[in-house]
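The values are calculated or read from the model by the stated rules, or taken from the named source; none is laboratory data. A quick note: this is a predicted structure, and the numbers were derived from the prediction, not measured. Backbone-built Cβ (ideal geometry, glycine too); neighbour counts: all protein chains shown.
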Amino acid sequence: MSEIKPKLPLKHPSLWRGEELLQRTDWQVQLSDLEIEELQSVAEGVMDQSVEGIELGDFELPQLTPRLKQISHDLEQGCGAAWLRGLPKDLDQALLERMFWLLALHLGVPLSQSAEGERLFSVADKGYAADDPRTRGPNTRSKLSYHTDRCDVIGFCCYRQAKSGGESRIVSSMAIYNEILNRRPDLLNLLCEPFYYLRHTVDGGNEKPWCQQPVFSFCDGHFAASLLRVLIDRAHSHPDLPDLSSAQKEALDLVENLADEPFLHHSFYQEPGDILFINNWVNLHRRTEFEDWPEPDRRRHIFRIWLSVPNSRPLDPLFLDNYGAVEAGALRGGMKPKALSTS
């Protein structure tokens, strides 16, 4: 079981409640004209390269580098989220993809997000049937529950908005922890114990059908939260794995219900050109259901990147199976491509 101090409320810059985030200087980042001009110019200079083929040593961003160093620090030591604004709203897809990729490379190492090894992933409704094995939340227009992804930092870049809906919401995991400590301290120990997770069908490169990890954990004094309820429910419905106890269900329900409380989460819409980076260990995020445009070239399209970052925190050893490493600053997370899986 993870180290836990149930009688001690958490205190950290990553702990915020709802609209308090709007008062934070480390939340909204307005890029300057000089920074935008530099980023666009460098991106135009690598248009002949594939996006995922661009490496950190291929370019320099002297104007933006100090800003990105501060963002990197704030993602781990500040509020844990950064909303970059100011990019033109009419950039073409290829250019915006490269601008997003260049920024992300300064924060960490992009990870595979599928068995195919995609590192720049398209979040868009693909129209798959519910029983299609390729179906996963990012490729539908359905609402997504509050969750974390398998990386240190997740990045979203908006290319096109939906006709309606598709609101983004984030919530401080530390705020949820403290609220449970105040309301139901008896459930904290359960949430710090491991839950089974069943591998997603698209996670075909991983040879282990399931793993175990806690919702809340502590390692060397560092807090971390991780949650993907749908994979927990699938695992505990598996005939070879134990059912969730009524207390475990109550604890998970409480986490999700608290996350959806308006006084705890912050809601916003990403507009074209907006870029969002979130530290997965201190924030949960979700998206509401959306209605899309009938025309294919107007439909909602978000680029997503998973990052392993060099200034990451140490993790509970229970995360080793799912992340591959738990040491501070280690390269970890992502989905193993099938081509690299062992027989």
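Can you go through Ser343, Ser308 and tell me which one is at pLDDT 95 or above and of a type in the set (S, T, N, Q)?
Numbers: Ser343 fails: at pLDDT 95 or above.
Testing whether each residue is at pLDDT 95 or above and of a type in the set (S, T, N, Q) leaves just Ser308.
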Which one of these is in contact with a His (Cβ under 8 Å, 6 or more places away or on another chain) and either surrounded by fewer than 22 Cβ atoms within 10 Å (Cβ to Cβ) or closer than 13 Å to Asp149 by Cβ (or both): Leu276, Leu320, Leu284? Leu284
Taking the condition crowded, with 18+ Cβ neighbours inside 10 Å, in contact with a strand residue (DSSP E or B) (Cβ under 7 Å, 6 or more places away or on another chain), of a type in the set (Phe, Trp, Tyr) and in contact (Cβ under 8 Å) with a residue 24 or more places away in the chain, does Trp83 pass? yes
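Going through Leu241, Leu254 one at a time, which residue ends up being surrounded by fewer than 19 Cβ atoms within 10 Å (Cβ to Cβ), modelled with pLDDT under 95 and over 19 Å from the mean Cα position of the chain (by Cα)? Talk me through it step by step, then tell me what you get.
Values: Leu254 fails: modelled with pLDDT under 95.
Checking each option against the conditions leaves just Leu241.
Based on this model, can you work out whether Ala115 counts as aliphatic (A, V, I, L, M) and either modelled with pLDDT of 95 or more or surrounded by fewer than 17 Cβ atoms within 10 Å (Cβ to Cβ) (or both)? Even if it seems obvious, please write down each step before you answer.
Numbers: aliphatic (A, V, I, L, M): yes; either modelled with pLDDT of 95 or more or surrounded by fewer than 17 Cβ atoms within 10 Å (Cβ to Cβ) (or both): no.
So Ala115 does not fit the description; no.
Quick one: count up the residues across region 9-47 that are of a type in the set (A, V, I, L, M, F, W, C) and either closer than 26 Å to Trp281 by Cβ or without any contact (Cβ under 8 Å) to a residue 40 or more places away in the chain (or both). Explain how you work it out, then say what you get.
Initial filter on region 9-47 (of a type in the set (A, V, I, L, M, F, W, C)): 10, 15-16, 21-22, 27, 29, 31, 34, 36, 39, 42-43, 46-47.
Now restrict to residues that are either closer than 26 Å to Trp281 by Cβ or without any contact (Cβ under 8 Å) to a residue 40 or more places away in the chain (or both): 10, 15-16, 21-22, 27, 29, 31, 34.
Number of matching residues: 9.
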Single match in Gln63, Gln40, Gln70 (criterion: in a loop (DSSP other than H, G, I, E, B) and surrounded by 12 or more Cβ atoms within 10 Å (Cβ to Cβ)): Gln63
Cβ contacts < 7 Å: first residue on the phi > 0 side of the Ramachandran plot, restricted to region 309-331; second residue at pLDDT 95 or above and part of a loop (DSSP other than H, G, I, E, B), any location; separation 6+ or different chain. Result? Gly324/Arg332; Gly329/Pro310; Gly329/Asn311; Gly329/Ser312
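Do we have Glu76 as part of a helix (DSSP H, G or I), within 24 Å of the chain's Cα centre (by Cα) and not hydrophobic (A, V, I, L, M, F, W, C) here?
On the way: part of a helix (DSSP H, G or I): yes; within 24 Å of the chain's Cα centre (by Cα): yes; not hydrophobic (A, V, I, L, M, F, W, C): yes.
Taking the combined requirement at face value, the residue satisfies it.
Can you pull out the residues in region 28-37 that are of a type outside the set (S, T, N, Q) and assigned to a loop (DSSP other than H, G, I, E, B)?
Leu31
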State which residue is nearest to Leu191 (Cα to Cα) when the search covers only region 210-227 and only residues that are surrounded by fewer than 23 Cβ atoms within 10 Å (Cβ to Cβ) and of a type outside the set (Phe, Trp, Tyr). Pro214
Within region 162-184, track down each residue that is more than 16 Å from Val282 (Cα to Cα) and assigned to a helix (DSSP H, G or I). Leu181, Asn182, Arg183
Please return the ranges of strands (runs of 3 or more DSSP E) entirely within region 214-302 where 1 or more residues are in contact with a helix residue (DSSP H, G or I) (Cβ under 9 Å, 6 or more places away or on another chain) and not hydrophobic (A, V, I, L, M, F, W, C). 216-219, 265-268, 275-279, 283-287
Consider Glu52 carefully, then state whether it is more than 26 Å from the chain's Cα centre (by Cα) and modelled with pLDDT of 95 or more. no
